[in-house]
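The values are calculated or read from the model by the stated rules, or taken from the named source; none is laboratory data. Just so you know, these numbers come straight off a predicted model, no measurement behind them. Reconstructed Cβ throughout: ideal geometry from the backbone, glycine too, with neighbour counts over all protein chains shown. Note: areas computed on protein heavy atoms with side chains; ligands, DNA, RNA excluded. Shrake-Rupley method; radii C 1.70, N 1.55, O 1.52, S 1.80 Å.
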Amino acid sequence: MNAPGPTALARDLVGCHSCGLVNRWPSTHTHARCARCHAPLHRRIPRSLSRSWAFLVASIMLYVPANVLPIMHVTSLGQVRADTILSGAEYLLLHGMWPLALIVFVASILVPLVKMVILAYLLVSVQRHSPSRRLDRTRLYRFTEFVGRWSMVDVYVVTILVALVHLGAVAQIEAGFGALFFAAVVILTMLAAHVFDPRLIWDDAVTRHA
Amino acid sequence: MLDHGGRDPVAAPLALGITALILFVISNVFPLLEFGLSGQHDTAYLLAGIRQLYAQPAPLLASVVLFTTVLAPLLHIALLIYIYLPLQFGRRPPAFVAALRLVQRILPWSMLEIFLLGVLVAAVKLAEQATIVAGPAAWSLGVLVIVLAAAATQVHPQRLWDRVG
Amino acid sequence: MPDTPRSDDDLPEALPEARLERERRVSLVWLIPLVALLAAAWLGYRAYTQQGPLVTIGFETAEGLEAGKTRVRYKDVDIGVVEAIDLAPDLARVLVRARLAAALSDYINDKARFWVVRPRLTRGQVSGLATLVGGAYIAADLSAGDTPQRAFDGLETPPVVTAVERGSVFILRADALGSLAAGSPVLYRGIEVGTVVGYTLRDDRSVAIQAFVNAPHDAWVNANTRFWNASGIGLSLDASGIRVDTESLASVLLGGIAFDDLPNTPSDARAQPETEFRLFADRDAAMAPQYAQREDWQLLFAGSVRGLVVGAPVEFRGIRIGEVTGIKLRMDSEQRRVEIPVEIAIESGRLGGSEDAATRRQLWDELVAQGLRAQLKNGNLLTGALYVDLDFHPDDAPRSIVWDAGAPRLPTVPTALDQLSDLLGKLVRLPLDSMGSDLAATLAALRDTTEATNSLLERIDRETASELNQTLVQTRKTLVALEKVLATNSPLQSEALRIFKELGTAARSLRIMSDYLERHPEALLRGKGGPGE
């Protein structure tokens, strides 16, 4: 697997995003459409790296307020408590609900952080034409694409709590700005992963090989 | 049975799509969670919760939740039916290509399964202080998640093209 | 493909014929949406059948109410939830739409009442405090009825009496409400047996008060029952003195209504609910005999009527038979004098009772001929309140009733005070001077008597002295005999001596002990110590 055969790109072949048909596309032309479904064909996602970087940088910037600002304000009998993402997980842990605390910790804190680090690593490695562990990097990419969405769980928890607990003076939960920033971080990292073209990881190997 | 050509590439996604539509309606019409605290009761509906969030005011957050838990799944289901219903009768729907593309695009943004986890976390969080009863919507949401996942595995654009093309 | 028809022309005959199955036209996968549809249909059906009646309740304000959250409760049990809060088209009221439990649809009738429970101060009690924390809710009062109803006017204040409580409402007619209010107690012999439910101003400007009397006490209300206002402290200063009337401390503060039967009347059959009664100003007014027929009389008094008031009693030998209804001042221009006619009303049943007017008139004439007169009497020396007393004065000059066109005039005799002043006049006219000289003579005679007494005493002195001497001699003899008894060698003496000696010993030992104690006071506590101490 460390020495894969020539890519489709190298053989002037392009798979259709839409119907999966493999089209023959001489590399001399810049624009083409699928022979079967007439969807536009791309050899690689256009400007994949720069767009991915833009989304990633934005998400890193928003990650700070997402964790510092409270995601919800809990008013209970006149007392107002502000919960951040970290304190929410901590609360669950302190109340003995450690499986839940683990889920929240992994989904809300670990996953976004790991995802940003992985994306940054993938982008840097592609730009540097790094030849090492291409398969592992592809797997990492698939992992981030799959796991990234699950960070939204905290946003949904806030939504449900807000919907459920509005008992006036007894208990009232309001969403904080942290939740919005956090949702933005999740969406931006998803977009960053989405526009990143994993085929770029292999291109370098093929050109060298060829 | 001697001869079996595998599952029908059209009937299964269509059946799952229609099932998903029914479950989606149940999930949005019936209460999600019933909540009781010190003699007071409250019922949480999915849409009412989003409206609550919108009124707080957190309109941006409400839009995100609305899109990922209501609009995206609904679009997904609607597209499934839009594509497969005419195919069932041997016809090719207009804008077939665009619809197929859209299904693939919308899929990551339909986050019902994550929302379900959120419901679970919220319920457990509250269960210590309040009584929480899962409403019909919670159960139908659970089934809906499974049905949508099954539908996603049943959609094979290549096989469709083989059939249509 | 299973559905492709195939020809078996080029196949060997030996191949067995496949057991052909009928083509399944519908794929099994369609069972999934079918199950979902059934589930949805079942849920929908259940929701529809469990959906109860939707009622609209009008309120002044929606304060504390919230659509989707505020509950409707009956006996603190949730029976529904507020679905929407709208303004009435004319903006005068708030229309609250609430969905109630389906099981209760029979009870949502014209007898149902709804009100909002909020913290409030009523009847000196704080109620609904729990809603401070839990939020306001709509309370319902339901009872069986025939006329279904879906639109209601909400009560602004909680009803004092709910349908659960059994009893009867009686209507009390009063001139003014006074300090009564909804919730004021209804008392029977000082015990709260009901409450004032409400009041309305009638067209004739009288006030109709609805008083609710709890079962079984409502059975005690009958035609002979009198209701009176027991509000506050009744302080009366009249011919009978100062009286303080209170029914209960609560009624002093909050007002109240009391009722009781008229004394000495048989308890009638119980009154029907909604029966109307008159609300008297106080207990006395209520308990005063209410005779249907009253006879008006006129009295002319010669003296002052100061102290006589309208309402003062008319008594016959201490028994109240009527009251003063008016005191007028009239100038008799013909006779050139001022007279004060006092109008009184006498219960016709009390004196000279007879159905026939002629007979009654004859009877009265006879009574007056026997000496029946009216007189002003002082009921209370302290306050100077007067009352009219009817009594027989046989000594009075014979007079008769003046049967005027209006009220007949009963002859009067002067006031007791007038009589006293007569007496004083007589005293003034007494021959005091002659009485004085008589007295001097008497005193002189008395002096003579004293002198005589003195001489008598002197004589007694002389005659008794020798006698006394003899007595003294006798006494001395007795004393000598006594001396002998007490002589040194007499048994009495020696015995006494022995006793004295013993006493002396006892005294000595006491002194020793006291000496010891003085030196060792601790011995009192510890006991006498050993010699070495």
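Eigenvalues of the alpha-carbon gyration tensor of segment B:86-139, scaled by 5 and square-rooted, set the equivalent ellipsoid semi-axes at 40, 14, 5 angstrom, largest first. A simple rule links phi to the HN-Hα coupling: the Karplus curve 6.51 cos²θ - 1.76 cosθ + 1.60 with θ = phi - 60°, which for segment C:30-40 gives 6, 5, 4, x, 5, 4, 4, 5, 4, 4, 4 Hz, with x for Gly and Pro.
Cα gyration tensor of segment A:47-209, axes a ≥ b ≥ c as square roots of the eigenvalues: rounded (a/c below 1.5), prolate (a/b > b/c) or oblate? The shape class here is prolate.
If amide H atoms are built 1.01 Å from N in the plane of the peptide, which residues on other chains or at least 5 residues away come under 5 Å of the amide H of C:R73? When sequence neighbours closer than 5 places are left aside, the close amide H contacts are C:I79, C:I138, C:A139, C:A140.
Loop-resident trypsin sites (Lys or Arg not before Pro) (DSSP state other than H, G, I, E or B) in segment A:113-193 with no more than 16 further Cβ atoms inside 10 Å of their Cβ: A:R128, A:R133.
A Förster distance of 22 Å, applied to the separation of the beta-carbon atoms of A:L113 and B:S63, puts the FRET efficiency at 0.30. Taking amide H positions as modeled 1.01 Å from N, with prolines and chain starts lacking one, the residues under 5 Å from C:Q149 and 5 or more places away or on another chain are C:N109, C:D110. Potential lengthening of the chain between C:S333 and C:E63 amounts to 89.9 nm, from the contour at 0.36 nm per residue minus the alpha-carbon distance.
Kirkwood Rh over alpha-carbon pairs of segment C:50-153, then Stokes-Einstein at 25 °C and 0.890 mPa s: what D in µm² s⁻¹, rounded to an integer? Walk me through the intermediate numbers first.
Values: Rh = 14.0 Å.
D = 175 µm²/s.
With a simple spin-label model that places each label point 7 Å from the Cα along the Cα-to-Cβ direction, the separation between C:R476 and C:A357 comes to 10.9 nm. A simple rule links phi to the HN-Hα coupling: the Karplus curve 6.51 cos²θ - 1.76 cosθ + 1.60 with θ = phi - 60°, which for segment B:78-89 gives 4, 5, 4, 5, 4, 6, 8, 5, x, 4, 4, 9 Hz, with x for Gly and Pro.
Provide the FRET efficiency to the nearest 0.05 for the C:D433-C:Q370 pair, computing r from the beta carbons and using R0 = 41 Å. If you can, show how the numbers build up before the last one.
Working: r = 43 Å, r/R0 = 1.06.
So, using R0 = 41 Å, E works out to roughly 0.40.
Taking 0.36 nm per residue of separation and subtracting the current Cα-Cα distance, fully stretching the chain between C:A507 and C:D76 would add 146.1 nm. One chain, two ends: C:I340 and C:S27. Fully extended at 0.36 nm per residue, the span grows by 100.9 nm beyond their Cα-Cα distance. The phi torsions of segment B:148-155, fed into the Karplus equation with coefficients 6.51, -1.76 and 1.60 and a -60° offset, translate into couplings of 5, 5, 5, 4, 4, 6, 7, 7 Hz, rounded to whole numbers, with Gly and Pro shown as x. The separation of segment A:124-185 from segment C:427-485, counted between C-alpha centres, amounts to 136 Å. Taking B:E128, B:E113, B:E34 in turn, the Gaussian network model of chain B (Cα-Cα springs below 10 Å) assigns the largest fluctuation to B:E128. Using the Cβ-Cβ distance between C:R46 and A:W98 with R0 set to 56 Å, the FRET efficiency works out to roughly 0.90.
Averaged per residue, segment C:50-153 has 52 square angstrom of accessible surface, using a 1.4 angstrom probe with ligands and nucleic acids left out.
For the pair A:E90 and C:R189, label points projected 7 Å from Cα toward Cβ lie 7.2 nm apart.
Annotation: amide H-H contacts under 5 Å for C:G256 (H modelled 1.01 Å from N, sequence separation of 5 or more, or interchain): C:A230, C:S231, C:G232.
Could you tell me what percent of the accessible area of segment C:50-153 is made up of carbon and sulfur, with a 1.4 Å probe and every protein chain present?
Working: 2840 of 5390 Å².
That fraction is 53 percent.
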